[in-house]
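Heads up: the structure comes next, in structure tokens.
The values are calculated or read from the model by the stated rules, or taken from the named source; none is laboratory data. Remember, predicted model here, so these are calculated numbers, not experimental data. FYI the Cβ positions are ideal-geometry reconstructions off the backbone, even for glycines, and counts take in every protein chain you see. Heads up: the accessible areas ignore ligands, DNA and RNA and are worked out on the full protein's heavy atoms, side chains in. Shrake-Rupley method; radii C 1.70, N 1.55, O 1.52, S 1.80 Å.
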Amino acid sequence: VQLQASGGGLVQAGGSLRLSCAASGSRFRITLMGWYRQAPGKQREVVATITLGGSTNYADSVKGRFTISKDNGKSTVFLQMNSLTPEDTAVYYCVIDTRIAERYWGQGTLVTVSS
């Protein structure tokens, strides 16, 4: 299984970025897609997840600013990030779960928000 993430970069505070992650090679149905992030010196934390049925979950710190969505036909998950702050600076990882409880991680994409 391969997860190809893209869309990270450098943005000023208050700006927006859109991350994408395309999954390929899974033999089993993907039941959940999501994004985690890891800031320097901190533990990896969940940012947002979306289930096969479209139910979403967000970390409190991003509610109202980030939106997760997916394209089932292309096994792609998106993260629209608005009103970015320097505290959002991190490496963002996409993740998928399959129906047999496998979890796969993407390679990470760096998001840097300057003040």
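Cβ contacts < 7 Å: first residue over 25 Å from SER61 (Cα atoms) and among the hydroxyl-bearing types (Ser, Thr, Tyr), restricted to the stretch 13-37; second residue open to solvent by 30 Å² or more (accessible area, probe 1.4 Å) and not in a strand (DSSP E or B), any location; separation 6+ or different chain. Result?
That search, which allows pairs on different chains as well, returns SER24/SER75; SER26/VAL1.
Report every pair of residues separated by at least 6 positions or lying on different chains whose Cβ atoms are under 7 Å apart, first residue within the stretch 51-70 and within 19 Å of SER83 (Cβ to Cβ), second in a loop (DSSP other than H, G, I, E, B).
Listed by first residue and then by second, the contacts come to ARG65/ASN82; ARG65/SER83.
Which residue, of VAL11, VAL46, is under 20 Å from GLU87 (Cβ atoms), within 11 Å of the chain's Cα centre (by Cα) and of a type in the set (Val, Ile, Thr)? First the steps, then the outcome.
Numbers: VAL11 fails: within 11 Å of the chain's Cα centre (by Cα).
Going through VAL11, VAL46 in turn, the sole match is VAL46.
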